[in-house]
Every structure is written in C-alpha cells, then in structure tokens.
Amino acid sequence: MPESASPVQVSAAPAVGDQHQSPHLSRSLSNRHIQLLAIGGAIGTGLFMGSGKTISLAGPSVIFVYMIIGFMLFFVMRAMGELLLSNLEYKSFSDFAGDLLGPWAGFFTGWSYWFFWVVTGVADIVAIAGYVDILAPGTPLWIPALATPVVLLLLNLPTVKAFGEAEFWFAIIKVVAILALIVTGIVMIATRFQSPGGQVADLANIWNDGGMFPHGLFGFILGFQIAIFAFAGIELVGTAAAETKDPEKTLPRAVNSIPLRVLLFYVGALTVIMAVNPWRTIDAANSPFIGMFTLAGLGIAAVVVNLVVLTSAASSANSGIYSTSRMVYGLAQDGNAPTSFGRLSSRKVPQNALLFSCIFLLAGLILLYSGDSVIGAFTIVTSVASVLTMFVWSMILISYLAFRRRRPELHEASSFRMPGSSFMPYVVLAFFLFMLVALAQAEDTRLALFVAPVWFILLGAAWSLNRRTPLQQARIEEHRALVRSEQAARTARA
C-alpha cells in the first residue's frame, strides 16, 4: 500500500500498510475549543436566518419542531461519541463507517459529508451576501461572495489551533447575541411592552392566535423543512476527534450538553420572539432576531445583530472549510481521493485539501445571480444540504448498529454507551424517513429530493471505478477477513 493509505482497524489482525508511518494531525484543540465548537455547530445560520420562515409555516408549534429534532439528534451524537471513543485511531465518522460497514461506506460517507459542507458553505455565503447588502446597501454581491472564501482560507491555513481560536470567538458572539435577545424579550414581556401596532408583549401571544397548531398537522410537518438545517453541523465535533486533546473527557461533555443547548438557544429564543411579536406578524423573509431588537427601539442593537448573523454565517462556513479539508485528507489516506490531498503542511494542516474545498465555495456567486431572492436561494440550498446531512447521520446510526452486532464486547465495555441503544437507532432512522416526506411537501424544498439522487448516482459511478484499484481491492479483502474473524470469535464464545 502507498504511504498515504492507512485504514483503521480495531482487531489484532495486521492492517494493510502498517509497515508505513502516515502523517499525523496535531491534537491541539483543547476542552474550551471543543465545547464552543459543539455550541457553534448547534447554533447554525438556519436559526438566525431561517427561523422566520419556519415560524410562518408551523406557527407556535415550531417550538416542538426544534425540541423533537434536538431530541433525535442527541442519540445520533451519543452513537457517534461511543464509536469514536471505542477506537481513538478513528479520525472521523467516515473512518468508522469504512471499518464497520466496508470501504464503500467510508467513501460514500466521506464524500457526501464533503459535499454537504460545500453546499452549506454556499448557503452561508448567500446569507453573508444578503446581510452585507443590508448593512451596506448597494454593495455588489460578488464582493462578499469572493472575499469570504479568501478570508476563511487565511483563518484555516496557519494551524488547527488558529481555527479553534477563531471558532471559539465566533461561537461566543453567537451565544452572547442569543442570551441578549432572551433577556431583552423577558424585560419586554415583564413590562408589558406595546408595539406601534398595538400588540402587547405577553406569553399568551404564543397560543392566542389559533392555538399551538394554527395550520394543523400539515403546517407542523412543513416546519421541519427549514428547521432541520439549523442543526446541520451538530456532528462537527466528530471531525475534530483526531485533533482533540483528551477526547475521552472532552467529547462526552460536548455531546451531553446538547439537550440544554437546544432548550436554551432554540426554544428559549423562539419563545420570547413569539411572545413579543405575535407569530403572524413575523416576516418570513427576514431574521426575527433583528426584528425584535428593532421593535424594542434598540436601533443600534439591530445593526449589531445584523453583524452577529453575518458572523454566524461566517462561523458556519469556517467550520465547513475545516471539516471538508479534514474529511478529504482522511479520504486521501484511505486511497479514496488524490494522494496530494493527504499531505500535511509543516504546520500539520492539510493545505491542499483546504484549497480544494475553498474553490467550490465560489459556486455561491452563481447562485446569487441566478435566484430571485437571497432567502429563495437560501431555501433551495439548505434543502439539499438537509438531505445530505441526514444521509450522514443515518450512516452514523447504521455504523453503530453494525458495531453493536459485530463488537458487543466493546459496546459492553464502553463508558459512554448510547441510551436506548437497542431500539433508538431505529426510531431515529424512521424519523429521518419522515423528514424526507416533509421535504417533499413544498416545491422549493422538493428540489432537494431530485438533486440528492443525482449526487449518489455520480458517487456510485466514482466508487465503481475506484474499487477496482489494487489498493481498494486489498482494503475490501481485508475488511472481509476481519468480518470473518469476528464471526468466528463470536461463534467460539457462544
């Protein structure tokens, strides 16, 4: 095997290529980096920019939409955490998918995650261009669309610690903005603030206009379309596993804090927004965060929130550049991408993979000039990203089911076992099928169900060519031998 290939194995069987030493990423991300990386992943651009449309579709039941999605994704994260900690040689979930399901799974998961983040990065650039136009009207859209990838490249090239610091402060800004909104909303409710239109801030505004489900079950289902994208990136800590100091402590802390984050940042923020602004008055095309500060008479705060939302989109794109470069680097290590992408710079950064991903973000230029509106372009792109991220989450769960079946002794010995591991993976997979049904209900999100199959057809064609190489044939045979040895061991124990 070439020096760049280093498949992950958990058995005592010799791995193909063990005679070579592959380059190593640097474990430079500390606990504070990982905790804020997890928070930044949980607070996506979809919350700031897409929640207005979600509220218009689902009404107050949007609160339950976010709670249900957060609940389901907690189990995805617990499954991912248990798998990553079962073998610290795993660089990401692409590694354990390839190890547990076969080399094809690593190929499909890795490249789909890369494409997901490229699509998400394009959505973020669309959002950035939209908010630059608000803050500086008349600015040509191509300027932020071109400048953003360049700035992100400069943030990621130095060291992984530089990325961690940038994302740490990006996340701090998002957290402070949401907490400021919640506090402002509580004060407005407590003082019975009255808007120019005569509406009085009151918790009863949430259910007084048509109840919690004003559009019925159908409206509730539609609410999942945009909301699911707000959580895209929640699995980001999984791609940082290979560069994390003391992952046995930091990963469980990050994963277990997810329920609290969902309740505080999503449910808390949207509750005060709909209490201050009756939900029918919220503009679907604009950020309700900005609208509430403007309503409170805090004009400068509204400008600041515009900057915060812009920062949030930049944070998401920054995370995307980081994760795509690491995923492509891992793919190259396994012979699933050109070997040049598997090389590290002197600062232990996969700079070739970084450049490769940044180039694709320029697609944001095309989308901005081909769509009728920024929010319209954002909706289309986020729908495609949602299908891709659900595929990756599903692969994590399917890998987990294979892990429990093939390596029950590691599952029993785990100090971070997934709750309800015997049945919750099936519940969450069924939920993802429901999400696909939800995406099919509206024309602007239905497009994703046509784009995604094209991607998987292209990916299947690429794998059919790649699997014929001597390297992949060796990896496939090695995987089959490992499966046979594990089956023999289980039979012997029985």
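When each of 461, 448, 474 is tested for being under 21 Å from residue 336 (Cα atoms) and in contact (Cβ under 8 Å) with a residue 12 or more places away in the chain, the lone residue that passes is 474. Can you tell me which residue among 185, 197 is out of contact with any Phe, Trp or Tyr (no Cβ under 6 Å at 6 or more places or on another chain) and loosely packed, with under 14 Cβ neighbours inside 10 Å? Exactly one residue qualifies, and that residue is 197.
Scanning the range 67-91 for residues that are open to solvent by 10 Å² or more (accessible area, probe 1.4 Å) and not in a helix (DSSP H, G or I) yields 87, 88, 89, 91.
Do we have residue 179 as without any contact (Cβ under 8 Å) to a residue 60 or more places away in the chain, under 22 Å from residue 231 (Cβ atoms) and either open to solvent by 40 Å² or more (accessible area, probe 1.4 Å) or outside any loop (DSSP other than H, G, I, E, B) (or both) here? Here the answer is yes, as residue 179 does meet what is asked.
For the range 335-383: of the residues being among the aliphatic types (A, V, I, L, M), open to solvent by 30 Å² or more (accessible area, probe 1.4 Å) and not in a helix (DSSP H, G or I), which is modelled with the highest pLDDT? Write out each step before concluding.
Step one: filter the range 335-383 for residues among the aliphatic types (A, V, I, L, M), giving 337, 344, 349, 353-355, 359, 361-363, 365-368, 374-375, 377, 380-381.
Going one step further and asking which of them are open to solvent by 30 Å² or more (accessible area, probe 1.4 Å), we end up with 344, 355, 359, 362-363, 365-367, 374-375, 380.
Retained after the next criterion (residues that are not in a helix (DSSP H, G or I)): 344, 362.
On the way: 344: 81, 362: 75.
Per the stated criteria, the residue is 344.
Residues in the range 464-479 that are part of a helix (DSSP H, G or I) and surrounded by 11 or more Cβ atoms within 10 Å (Cβ to Cβ): 466, 471, 472, 473, 474, 475, 476, 477, 478, 479.
The values are calculated or read from the model by the stated rules, or taken from the named source; none is laboratory data. Bear in mind that the values here come from a model prediction, so they are computed numbers and not experimental data. Cβ atoms come from the backbone with ideal geometry, glycine included; neighbour counts cover every protein chain shown. Please note that ligands, DNA and RNA were not included when accessible areas were found on the heavy atoms of the full protein model with its side chains. Shrake-Rupley method; radii C 1.70, N 1.55, O 1.52, S 1.80 Å.
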